Amino acid sequence: MKPKSAYKVMAAVFVVLLVIISFIAVFISNNLNSSDDFDSVMYMGVGQVYEYPKENDKMRFRSYDKNVVSVDKDGIITAVNKGSVKIAAGLKRIYVHVIDAPQSVELNEGAFSMGVGEEFLLSPHVPDSEFNTDFKYSVNGDEAITIDKSGKITAVAAGKVTVTVSTYNDCTASCDIVVGNAPEEISFDASSKTIYMGTTGKLFIKMAAGSASKSTTIQSDNEEVLTVNSKCEITPVAAGTANVIATTYNGKTASCTVTVSDKPYYIRTDLDENKPMIAFTFDDGPNAESTGRILDAFEANNASATFFIVGNRTDRDANADCVRRMVEKGFQLGNHTYDHMHYGSDVVVEDITKCSDVLNEISGQRPSAFRPTGGYLSDIIRTNCDGPIILWSVDTEDWKKRDGEKICDRILESARDGDIVLMHDIYESTADAIERVIPKLMEEGYQIVNVAELAYYKGKTLENGMVYHSIR
């Protein structure tokens, strides 16, 4: 090879090497300046001073831009101006973002309870900011907890305390903590529950007074049927059965079997379980003239009721039409025996079954509740009623007064959340009262419901043959 050609080859190789070295340098520089490749990322406020924990006396510190952050030989980091900078702390690399000083600080919870031996991490945060260092904690009250620099609380004894968190520039927030005993056992408010598609439900955990467990986990063992959140709110997904299981921080458990099914025609899905409810019930009908007016009033106000029907009264076509209308519009049917001729121990099985058969023949629906004539019970009734036995907590005595205004006043004075009101839809005066009282109760915030809805939204399962006067 001629010397001149050799020089050309060497020059070309040199150029290629320079290009490769430049590419590597750019790659390394880009990666060194990416916060993704650093050992940690910190957000500090302007003027904040933070002491980085030294691992040993030989550990050295360096800031790559002292106009943004300065750091001394002892690891004292000072945020000087807004910006971002790399810091070396021994072999570790820290990416520091300096942002505006906090204007306020908040805690994730304002008040809570926990059990002795339980741990919980407070999570202070500065609104609309990534500030995340150098929070200070103080405790006032009983010697019920300990708290470390990271905000981890350990409950050590029963008592009450207030924990205050503060930022470097004296923004503060507080929370109240009650420490109870470790629970010895827990349970749900029901061992089994039915929830209908299209609605949501809630379970409640019970434990002995003075006990607490903040870190109770809630889970469904079949999320294809239902899901549950940390507040024990359950949401049906598909028909079937699932167990909801609660476990406290110290390993105590509770279980509730939840059945998901299609809702019956008389349950509405748009009610608010947090608002008060009153269930209206009517005996001895139907009577087309007065019952029709009552149905009109309920429908006009998007309300519902339970009608305890006397079977032989449906022999009249207009009365049978009322029953069909009740089912069509979502009112609950109840059984009040076939002819209202027998009371208490004189009631026979046929008095009950014949009424149920007649209602099913007329409307395609069997009654889902039973009310004994006169309120008198017997073993025959309890065994054969084929539904919960619904009595009452508010007796309007509308059969005696026959005065719509007085009946209305009695309801307004007496009825409260969870009450079951007894009325009779065979009187025009009862229709007068209903037309007056429903709008007034709704103005007071009440939801007017049937008995099944009252039970469902109160989280109570009504059992066949069991007696209920109210549902709270």
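We did not get these values from a lab; they are worked out from the coordinates using the rules stated. Since we're looking at a predicted model, the values are computed, not measured. Every residue, glycine as well, gets a Cβ built from its backbone with ideal geometry; the counts of neighbours run over all protein chains shown.
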query = Around V349, with a cut-off of 13 angstrom between Cβ atoms, what is the net charge of the other residues, counting Lys and Arg +1 and Asp and Glu -1?
reply = -4
message = At 7 Å along Cα-to-Cβ for each site, give me the label-to-label distance between E130 and T353 in nm.
response = 7.6 nm
note = Longest principal axis of the chain (C-alpha) makes with the long axis of helix 288-300 (C-alpha) an angle, in degrees to the nearest 10, of 10 degrees
key: 0 to 90° range, to nearest 10: angle between helix 349-363 axis and the chain longest Cα axis   = 70 degrees
ask   = If eta is 1.002 mPa s and T is 20 °C, what Stokes-Einstein diffusion coefficient results for segment 37-99, Kirkwood Rh from Cα pairs, in µm²/s?
value = 189 µm²/s
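Tell me the Kirkwood radius of segment 277-468: reciprocal of the mean inverse pair distance over distinct alpha-carbon atoms, in Å.
On the way: mean 1/r = 0.0613 Å⁻¹.
Evaluated over segment 277-468, this radius sits at 16.3 Å.
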key: Least to most buried among L412, L462 (fewest other Cβ within 10 Å first)   = L412, L462
key: Inter-label distance, nm, simple model (7 Å from Cα along the C-beta direction), D395/D176   = 4.4 nm
key: Computed helical MRE - 222 nm, the chain, DSSP H runs ≥ 4 contributing -39500 (n - 2.57), nearest 500   = -7500 deg cm²/dmol
key: Separation in nanometres of the label points that stand 7 Å from Cα toward Cβ, at N250 and A208   = 0.9 nm
ask   = Among F307, F331, what is the fewest-to-most ranking by other Cβ atoms within 10 Å?
value = F331, F307
ask   = Using only Cα atoms, what is the ratio of the radius of gyration of the chain to 2.2 N^0.38 Å?
value = 1.58
note = Extension length gain for A238 and Y343 (0.36 nm per residue less Cα distance), in nm, is 33.5 nm
message = Quick check: net charge around K252, other residues with Cβ under 11 Å of its Cβ, Lys/Arg +1 and Asp/Glu -1?
response = -2
inquiry  = Can you give me the angle between helix 317-328 and the longest principal axis of the chain, using Cα atoms only, in degrees from 0 to 90, rounded to the nearest 10?
reply    = 10 degrees
note = Quick P(r) readout (segment 377-428; Cα-Cα; 10 Å bins; whole %) gives 22, 39, 27, 12
task = Provide the FRET efficiency to the nearest 0.05 for the D72-A111 pair, computing r from the beta carbons and using R0 = 56 Å.
result = 0.85
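Could you compute the FRET efficiency for T164 and S191, with r as their C-beta to C-beta distance and R0 at 56 Å, rounded to 0.05?
Details: r = 42 Å, r/R0 = 0.76.
The pair T164/S191 has a calculated efficiency of 0.85.
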key: Cα-based equivalent ellipsoid of segment 121-217: semi-axis lengths in Å, sorted from largest, via gyration tensor   = 34, 21, 9
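Calculate the FRET efficiency for E443 and E51 from the Cβ-Cβ distance with a Förster distance of 41 Å, rounded to the nearest 0.05.
Values: r = 63 Å, r/R0 = 1.52.
That pair, E443 with E51, gives E of 0.05.
Roughly how compact is segment 186-261, stated as its Cα Rg over 2.2 N^0.38 Å to two decimals? Can you show the working numbers first?
Numbers: Rg = 12.1 Å, N = 76, 2.2 N^0.38 = 11.4 Å.
Rounded to two decimals, the normalised Rg is 1.06.
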key: All Cα pairs of segment 361-472, percent lying beyond 18 Å   = 56 percent
task = Distance between Cα centroids, segment 277-300 to segment 352-375: provide it in whole Å.
result = 17 Å
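With a 10 Å Cβ neighbour count serving as the proxy for reagent exposure, in which order, fewest first, do D170, D398, D409 appear? Don't skip to the answer; put the middle values down first.
On the way: D170 9, D398 28, D409 16.
Starting with the residue having the fewest Cβ neighbours, the order is D170, D409, D398.
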